[in-house]
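Okay, structure first, notes after.
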Amino acid sequence: MTPTGQAQRAPQRTAPLPATPAAESRCHPVDVLPGVPVLEVAVPVYNAEQSLEAAIRRLHRHLSSAFPQSFRITVADNASTDGTLRIAERIARELRDLTVIRLSEAGRGNALRTVWLASPSPVLAYLDLDLEPSALDPLLAPLLAGQADVATGARRGNPASGPLRRGFLPRCLSLVLRSVSGARFSDPQCGAKAIRSEAARRLLPHTANNSWFFDTELLVLANTCGLRVLEVAVEWTDASDSNVDYSRTALAYLRDAGRLRRDLRSGRIPVPAVRASLSCGSGPYLGHEIHHHHPGQRQQGRH
């Protein structure tokens with residue numbers, strides 16, 4: 001990882017944290033610490049020079065006006081070969097709440113794991129470029145209040161407004177996920193998620209996928225380890241310049257889902273130990289929430 005923005009980052013953790021009473025802090029509202037942004041939003045990007053600047057400025061404007069506490073946006077460039085990095089660095093010189101890192105290996109999972117494990121913020125999130133920034137609002141409020149550990153979006157709207165496959169694929173993958181792991185998420189691959197840092201530091205070292213399946217793997221682990229997971233309906237717009245190979249993606253998803261099932265059954269992932277280290281709360285899946293939550297007043301000025 002090569003930092004190219006303003007902030008220097010701590011080394012990435014590669015082993016799970018031990019179980020401590022501090023893990024119970026996730027059951028309470030987040031602590032606001034001087035000089036530490038309450039929220040860090042990771043934006044993984046790859047060859048996004050056409051859409052990056054408008055999306056990042058839109059996200060920054062939204063958080064500046066709608067989020068009540070301090071934040072940082074981190075653009076994680078996944079080894080882009082176009083002008084993505086140059087554009088991101090230029091914006092970072094203008095916006096003090098924006099940081100840029102350059103990763104030598106592509107993959108959304110790799111980017112999120114790198115950014116989140118190095119972050120000091122108590123709430124971590126990520127947002128794809130094809131989602132409106134307001135999609136984060138209902139995800140963040142329950143985590144800030146200590147009412148949920150993980151929040152994930154579920155894209156809603158008429159699939160016919162974009163390619164049919166963009167609406168059909170999430171439903172098919174949801175059925176596969178349910179059959180393999182028993183987890184009931186309607187859109188596990190939605191590019192809007194948030195997690196309390198206490199939970200992230202215990203789950204992320206046990207994730208193995210560096211790419212697209214990372215989202216599903218994280219949700220399954222959270223669900224299996226007894227965390228409080230909330231699914232929230234969000235609006236989205238189809239990314240017409242998406243270069244996703246849907247057939248290859250679906251096959252990879254099936255392969256990774258089978259691998260995750262074997263990992264859980266074989267004990268490679270120490271579910272009892274992780275569950276014990278995250279002892280508060282009960283009932284892993286809180287359901288599908290369609291009402292937007294609004295955080296309270298700003299607690300800390302801009303860092």
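Of note:
- Of the residues screened, Ala118 is not one that is crowded, with 24+ Cβ neighbours inside 10 Å and of a type in the set (Gly, Ala, Ser).
- Any hit, region 239-246, residues being at pLDDT 70 or above, of a type in the set (Val, Ile, Thr) and surrounded by fewer than 19 Cβ atoms within 10 Å (Cβ to Cβ): no
- Filtered residues of region 63-100 (kept if buried (at least 21 other Cβ atoms within 10 Å of the Cβ) and among the small types (Gly, Ala, Ser)): Ser70, Ala76, Ala88, Ala92
- Within this structure, Thr74 fails the test of being under 13 Å from the mean Cα position of the chain (by Cα) and in a helix (DSSP H, G or I).
- Looking across region 218-227, the residues that are crowded, with 23+ Cβ neighbours inside 10 Å and touching a Ser or Thr at 6+ places or on another chain (Cβ under 8 Å) come down to Leu218, Leu219, Val220, Leu221.
- For the condition part of a loop (DSSP other than H, G, I, E, B), farther than 23 Å from Arg228 by Cβ, modelled with pLDDT of 95 or more and not basic (Lys, Arg), Glu53 does not qualify.
The values are calculated or read from the model by the stated rules, or taken from the named source; none is laboratory data. Here the structure is a predicted model, which means the values were calculated and not measured. Neighbour counts run over all protein chains shown; Cβ positions are idealised from the backbone, glycine included.
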